[in-house]
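Note sheet for the following structure.
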Amino acid sequence: MMLRGSVWKYGDNVDTDAIIPARYLNMSTAEELARHCMEDIDTSFVGAVRPGDIIVGGENFGCGSSREHAPLALKGAGVSCVIAESFARIFYRNAINIGLPILACPEAVAGAQKGDALTVDLEAGTITNARTGKIYHTSPFPPFIMGIIEAGGLVPYTRERMK
Amino acid sequence: MPGSAGVVPGDLVEVSVDVVLANDITAPISLREFESLGVARVFDPEKVVLVADHFAPNKDIKSAEQCKAMREFARAQGIAHHYDVGRMGIEHVLLPEQGLVLPGDVVVGADSHTCTYGALGAFATGMGSTDFAVAIATGSIWMRVPETIRFEYTGTRQPWVGGKDLILYTIGQIGVSGALYMAMEFTGPVVDGLSMADRFTMSNMAIEAGGKAGLFAVDDATQEYVAGRAKREYQVYAADADAVYARVVTFDVSDMELQVSFPHLPENAKPVSEAQGVKIDQAVIGSCTNGRLEDLRVAAQILAGRHVHPDVRCIVIPGTQQVYLDALREGLVEAFIEAGAVVSTPTCGPCLGGHMGILAAGERAVSTTNRNFRGRMGHPDSEVYLSGPAVAAASAIAGTIVHPDEVMR
């Protein structure tokens, strides 16, 4: 699976309240949540994000609440992938479970600037930065995780397997 | 894993769950996912707990719809442990109080503060809505066996220092990702002497260091707490004598002051003396971190016979109906109201900027809650200082952050 998009770059400890403020948790669909994604730390995001765009963050991305609304909001906004130095545990599980690929790759984070065009090859575990020409290697997902992402999440994946 | 030869950190295991929990904001996504799985019934309605606490009593029409969806699911599935307004409390205060979580349990909750139950010697961790859906469908969940950091607290606590100060200090020392993916084990003579309320407070905030669980050994205090609440058998586990730890950290707390975490991360913990003089607009005393009777007693001891500063809104939120009733019978509620504080029905409310005390731009709160991320309690340009109940109550009186001794003179 190949993903292509422009970089939105943020710092360390991007928390789930930043990704989707709790005042919007009275809604639960990806479409509704996407309209408020990142708004407290980046008011330009919702208006300018394009399908396929890639979020690049620092350490402990997605810390805080267990709200699955956070990866859902990113997915609903069209984000194809999150690359960070490290991820908070619950966010990591939630992202995979809803079929949003996320990769830990500190080198790719260090080499990325806002607006860079990245290409991510999930099977090979490579991230290519078109501006610098650099190719970064990360561990590819094991087959069952790849299966979850291709199915669009753990629920469709499980349903498929129960057939 | 009965019959298993044991596990080591890094192993991926499938575990049976004893309790599976969700609330009014995480359940709606879960229920949609559960329906989509095509499973007709939950694996065991006795082991599923649903609590309307975050935006309940319903703060608006959308929240009302979410609570309604959860209520209808509970009825359709015969889930008796559905706690609605009138019976509900803040989930992590309510479940231990009602004896729904016991030592040795494996608990998975669609709420990050599910780690609170580690205080009972249960392995409890937060997950998301999809994991909840799979867990209530199958009764099991996969987990990676975490490494463990053992914390040992020695010395003698200064007056007013409680579980909140110990955990804020700990997070201040190791950082908000200091225990990422790991279990935190709290040990040593200082924690042996803590009340269960203080232990719940510490386990509750393990997630704020990135931890997967915050564990205490089961001792006489635990057994006493559980006695009279447990309605089923339970098993007590202890740390292996030869357990291998990722790290062992020792804190001598004798010189540790009361702690305050500055905006906008829980790791910004400083001694209260360094926060002295910070002007506040609001003080919140409650939440799954500090909404227990013991916390309210500390606050009442300071507020009784004094007055909340005219420029401060002081909001006290008992964690459950039982805590509220006990506080009422002990005269705490009267003391709060006479001091000029408001006392709310149990709700998570202001902690996550939901309702019951939202901050405007430029406003500042001292709060006994667990997170002070940007915008957590309202406007993105508002600020939250985290503290224990003693500092919050004293600051409500002074109008600025102060040590309780400043107002108790």
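The values are calculated or read from the model by the stated rules, or taken from the named source; none is laboratory data. Note that the coordinates shown come from a computational prediction; the quantities given were computed from them, not determined experimentally. Glycine also receives a Cβ, built like all others from the backbone with ideal geometry; neighbour counts cover every protein chain displayed.
Hey, any hits in region B:129-137 for a residue that's crowded, with 24+ Cβ neighbours inside 10 Å and of a type in the set (S, T, N, Q)?
There is at least one residue in region B:129-137 that is crowded, with 24+ Cβ neighbours inside 10 Å and of a type in the set (S, T, N, Q).
Could you say whether any residue in region B:80-95 is within 30 Å of B:Val248 (Cα to Cα), in contact (Cβ under 8 Å) with a residue 24 or more places away in the chain and under 20 Å from the mean Cα position of the chain (by Cα)?
Here is the first cut: in region B:80-95, the ones within 30 Å of B:Val248 (Cα to Cα) are B:92-93.
With the extra rule that they be in contact (Cβ under 8 Å) with a residue 24 or more places away in the chain, the set shrinks to B:92-93.
Checking which are under 20 Å from the mean Cα position of the chain (by Cα) leaves us with B:92-93.
Looking through region B:80-95, at least one residue is within 30 Å of B:Val248 (Cα to Cα), in contact (Cβ under 8 Å) with a residue 24 or more places away in the chain and under 20 Å from the mean Cα position of the chain (by Cα).
Mind listing whichever residues of region A:70-97 are in a loop (DSSP other than H, G, I, E, B), facing chain B (nearest Cβ under 9 Å) and either surrounded by fewer than 24 Cβ atoms within 10 Å (Cβ to Cβ) or in contact with a Ser or Thr (Cβ under 6 Å, 6 or more places away or on another chain) (or both)?
Answer for region A:70-97, where residues must be in a loop (DSSP other than H, G, I, E, B), facing chain B (nearest Cβ under 9 Å) and either surrounded by fewer than 24 Cβ atoms within 10 Å (Cβ to Cβ) or in contact with a Ser or Thr (Cβ under 6 Å, 6 or more places away or on another chain) (or both): just A:Ser86.
Could you list, in sequence order, all residues of region B:370-395 that are within 14 Å of another protein chain (Cβ to nearest Cβ), in a loop (DSSP other than H, G, I, E, B) and not aromatic (Phe, Trp, Tyr)?
B:Asn370, B:Arg371, B:Asn372, B:Arg374, B:Gly375, B:Arg376, B:Met377, B:His379, B:Pro380, B:Asp381, B:Ser382
Residues in region B:9-25: is at least one buried (at least 17 other Cβ atoms within 10 Å of the Cβ), farther than 30 Å from B:Gln223 by Cα and within 14 Å of chain A (Cβ to nearest Cβ)?
yes
Any residue that is farther than 22 Å from B:Ala390 by Cα, hydroxyl-bearing (Ser, Thr, Tyr) and surrounded by fewer than 21 Cβ atoms within 10 Å (Cβ to Cβ) - is there at least one of those in region B:193-200?
No, every residue in region B:193-200 fails to be farther than 22 Å from B:Ala390 by Cα, hydroxyl-bearing (Ser, Thr, Tyr) and surrounded by fewer than 21 Cβ atoms within 10 Å (Cβ to Cβ).
What residue, of B:Ser16, B:Ser63, B:Ser36, is within 25 Å of B:Thr347 (Cβ to Cβ) and of a type in the set (Ser, Thr, Tyr)?
Working: B:Ser16 fails: within 25 Å of B:Thr347 (Cβ to Cβ); B:Ser36 fails: within 25 Å of B:Thr347 (Cβ to Cβ).
Of the residues listed, the single one that is within 25 Å of B:Thr347 (Cβ to Cβ) and of a type in the set (Ser, Thr, Tyr) is B:Ser63.
Restricting attention to helices (runs of 4 or more DSSP H) lying wholly within region B:282-369, give those where 1 or more residues are within 14 Å of chain A (Cβ to nearest Cβ), in contact (Cβ under 8 Å) with a residue 60 or more places away in the chain and within 23 Å of the chain's Cα centre (by Cα). Explain how you work it out, then say what you get.
On the way: elements: B:287-290, B:293-303, B:321-329, B:332-339.
Fully inside region B:282-369 and qualifying: B:287-290.
Spot the failing condition for A:Val49; the list is (1) in contact with an Asp or Glu (Cβ under 7 Å, 6 or more places away or on another chain); (2) at pLDDT 95 or above, and only one is missed.
Result: A:Val49 fails condition (1) only.
Can you tell me which residue among B:Met70, B:Met88 is in contact with a Leu (Cβ under 8 Å, 6 or more places away or on another chain), part of a loop (DSSP other than H, G, I, E, B) and among the hydrophobic types (A, V, I, L, M, F, W, C)?
Within the list B:Met70, B:Met88, the selection yields B:Met88.
Among the numbered criteria (1) closer than 20 Å to A:Ser66 by Cα; (2) surrounded by fewer than 24 Cβ atoms within 10 Å (Cβ to Cβ); (3) not β-branched (Val, Ile, Thr), which one does B:Gly126 miss?
Condition not satisfied by B:Gly126: (2).
For region A:63-77, which positions are farther than 19 Å from A:Leu154 by Cα and of a type outside the set (S, T, N, Q)?
Selection gives A:Cys63, A:Gly64, A:Ala77.
Are any residues in region B:38-53 surrounded by fewer than 15 Cβ atoms within 10 Å (Cβ to Cβ), more than 9 Å from chain A (Cβ to nearest Cβ) and touching a helix residue (DSSP H, G or I) at 6+ places or on another chain (Cβ under 8 Å), and if so, which ones?
If the condition is that a residue be surrounded by fewer than 15 Cβ atoms within 10 Å (Cβ to Cβ), more than 9 Å from chain A (Cβ to nearest Cβ) and touching a helix residue (DSSP H, G or I) at 6+ places or on another chain (Cβ under 8 Å), then B:Arg41 is the only one that fits.
Applying the selection to region A:98-123, what residues are more than 12 Å from chain B (Cβ to nearest Cβ), surrounded by fewer than 22 Cβ atoms within 10 Å (Cβ to Cβ) and small (Gly, Ala, Ser)?
Once the filter is applied, which keeps residues that are more than 12 Å from chain B (Cβ to nearest Cβ), surrounded by fewer than 22 Cβ atoms within 10 Å (Cβ to Cβ) and small (Gly, Ala, Ser), region A:98-123 yields A:Ala110, A:Gly111, A:Gly115, A:Ala117.
Among B:Ala56, B:Ala80, B:Ala76, which is the only one that is within 14 Å of chain A (Cβ to nearest Cβ) and not basic (Lys, Arg)?
Details: B:Ala80 fails: within 14 Å of chain A (Cβ to nearest Cβ); B:Ala76 fails: within 14 Å of chain A (Cβ to nearest Cβ).
On inspection, the qualifying residue turns out to be B:Ala56.
Looking at the structure I just gave you, is B:Ala335 more than 20 Å from B:Ala56 (Cβ to Cβ), surrounded by fewer than 24 Cβ atoms within 10 Å (Cβ to Cβ) and of a type outside the set (D, E, K, R)?
yes
Please verify whether B:Gly118 is within 24 Å of B:Ala239 (Cα to Cα) and more than 10 Å from chain A (Cβ to nearest Cβ), treating the condition exactly as stated.
When the stated conditions are applied, B:Gly118 passes them.
Every residue, every condition in (1) under 20 Å from B:Thr26 (Cα atoms); (2) touching a residue at least 40 places away in the same chain (Cβ under 8 Å), yes or no:
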residue	(1), (2)
A:Gly57	no, yes
A:Ala70	yes, yes
A:Gly78	no, yes
A:Ile83	no, yes
A:Ser86	no, no
A:Leu103	no, no
